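One structure is given here, and the rest of the page talks about it.
The values are calculated or read from the model by the stated rules, or taken from the named source; none is laboratory data. These numbers were taken from a predicted model, which means no experiment stands behind them. We place every Cβ from the backbone using ideal geometry, glycine too, and count neighbours over all the protein chains shown. Ligands, DNA and RNA are stripped out before the accessible areas are found, and what is left, the full protein with its side chains, is counted by its heavy atoms. Shrake-Rupley method; radii C 1.70, N 1.55, O 1.52, S 1.80 Å.
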Amino acid sequence: MPELRTARLSLHPVDAAEAQRILAGAAGPGERWAPDYPFEGDLVALRAFLHATTTWGEQRPFGYYRISRRVDGLAVGGIGFTGPPVDGCVEIGYGVAPSGRGHGYAAEAVGALLAFAARRGLVRVTAQTSPDNLASHRTLLRAGLRPQGEADGGLRRYAALLAAGRES
């Protein structure tokens, strides 16, 4: 499975063995990690990815991706799909280590997943964030998702329509 690339980022598809290695805090040969990667959000996402893989089998291409800067290969976060597409819709989640925040990496990575989903024929991408996570709200808006009200647990839901080339 090839990496997804943007102008500044490489999104590397992670398999189960690599997820376990990251959870153990062991960088692979030639990998460089930000000092605070993986951070707690990555660990939670990787555990969920491994659980889904154990329960339902291979998750790629709708799995977890490690976000690295192209300029130096430094891993700064993760992004991925929370499950396989259902009726042309898929949900995403993401996180950037504190040292990588404030550079627009999250919005750039979300944009890459939106483009990937559109190429796969999906029509809708959703995401959720807590009401107090203003940076995440800005990230989702910058990436082209629009507010859709509240989800279960008081989370705020965002969505983008892909097929019609417009947002919802």
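Name the residue, out of Gly93, Gly121, Gly111, that is out of contact with any Phe, Trp or Tyr (no Cβ under 7 Å at 6 or more places or on another chain) and in a loop (DSSP other than H, G, I, E, B). If you could, list the steps in order and put the result at the bottom.
Details: Gly93 fails: in a loop (DSSP other than H, G, I, E, B); Gly111 fails: in a loop (DSSP other than H, G, I, E, B).
Just a single option satisfies the conditions, and that option is Gly121.
From (1) in contact with an Asp or Glu (Cβ under 9 Å, 6 or more places away or on another chain); (2) part of a strand (DSSP E or B); (3) under 21 Å from Gln128 (Cβ atoms), pick out the condition that doesn't hold for Arg66.
So the condition that Arg66 fails would be (3).
Quick one: which of Ala24, Ala17, Ala52, Ala48 is open to solvent by less than 40 Å² (accessible area, probe 1.4 Å), without any contact (Cβ under 8 Å) to a residue 40 or more places away in the chain and either closer than 19 Å to Ala127 by Cβ or not hydroxyl-bearing (Ser, Thr, Tyr) (or both)?
Numbers: Ala24 fails: open to solvent by less than 40 Å² (accessible area, probe 1.4 Å); Ala17 fails: open to solvent by less than 40 Å² (accessible area, probe 1.4 Å); Ala48 fails: open to solvent by less than 40 Å² (accessible area, probe 1.4 Å).
One residue alone meets the criteria, Ala52.
Could you grab me the full set of residues in the stretch 116-154 that are without any contact (Cβ under 8 Å) to a residue 24 or more places away in the chain and aliphatic (A, V, I, L, M)?
Leu134, Leu141, Ala151
Within the stretch 15-44, restricting attention to residues that are in contact with a strand residue (DSSP E or B) (Cβ under 6 Å, 6 or more places away or on another chain) and at pLDDT 95 or above, which residue is farthest from Glu91 (Cα to Cα)? Show your work before the answer.
First pass over the stretch 15-44, keeping only residues in contact with a strand residue (DSSP E or B) (Cβ under 6 Å, 6 or more places away or on another chain): 27, 32-34, 37, 41-42.
Next, from what is left, pick out any that are at pLDDT 95 or above: 32-34, 37.
Details: Arg32: 28, Trp33: 26, Ala34: 26, Tyr37: 23 Å.
Among those residues, the one meeting the criterion is Arg32.
Step by step: first the residues of the stretch 3-30, then only those that are charged (D, E, K, R) and within 14 Å of the chain's Cα centre (by Cα), then the one that is nearest to Phe49 (Cα to Cα). Which residue is that?
If we filter the stretch 3-30 for residues that are charged (D, E, K, R), which is where we start, we get 3, 5, 8, 15, 18, 21.
Then keep just the ones that are within 14 Å of the chain's Cα centre (by Cα); that gives 3, 5.
Values: Glu3: 18, Arg5: 21 Å.
Among those that are charged (D, E, K, R) and within 14 Å of the chain's Cα centre (by Cα), it is Glu3.
Which condition breaks for His103 when tested against (1) at pLDDT below 95; (2) part of a loop (DSSP other than H, G, I, E, B); (3) not polar (S, T, N, Q)?
With (1) at pLDDT below 95; (2) part of a loop (DSSP other than H, G, I, E, B); (3) not polar (S, T, N, Q) applied to His103, the lone miss is (1).
For Glu40, work out the one condition from (1) surrounded by 14 or more Cβ atoms within 10 Å (Cβ to Cβ); (2) under 16 Å from the mean Cα position of the chain (by Cα) it doesn't fulfil.
Condition not satisfied by Glu40: (1).
Could you grab me the full set of residues in the stretch 124-143 that are buried (at least 17 other Cβ atoms within 10 Å of the Cβ) and either in contact with a helix residue (DSSP H, G or I) (Cβ under 6 Å, 6 or more places away or on another chain) or assigned to a loop (DSSP other than H, G, I, E, B) (or both)?
As a first pass, look at the stretch 124-143 and keep what is buried (at least 17 other Cβ atoms within 10 Å of the Cβ): 124-129, 136-137, 139-140, 143.
Once the filter is applied, which keeps residues that are buried (at least 17 other Cβ atoms within 10 Å of the Cβ) and either in contact with a helix residue (DSSP H, G or I) (Cβ under 6 Å, 6 or more places away or on another chain) or assigned to a loop (DSSP other than H, G, I, E, B) (or both), the stretch 124-143 yields Val125, Ala127, Thr129, Thr139, Ala143.
Select from the stretch 76-88 the residues that are open to solvent by 40 Å² or more (accessible area, probe 1.4 Å) and farther than 13 Å from Gln59 by Cβ and list them in ascending order. Can you show your working first?
So in the stretch 76-88, the residues open to solvent by 40 Å² or more (accessible area, probe 1.4 Å) come out as 82, 84-87.
Residues satisfying the conditions are Val86, Asp87.
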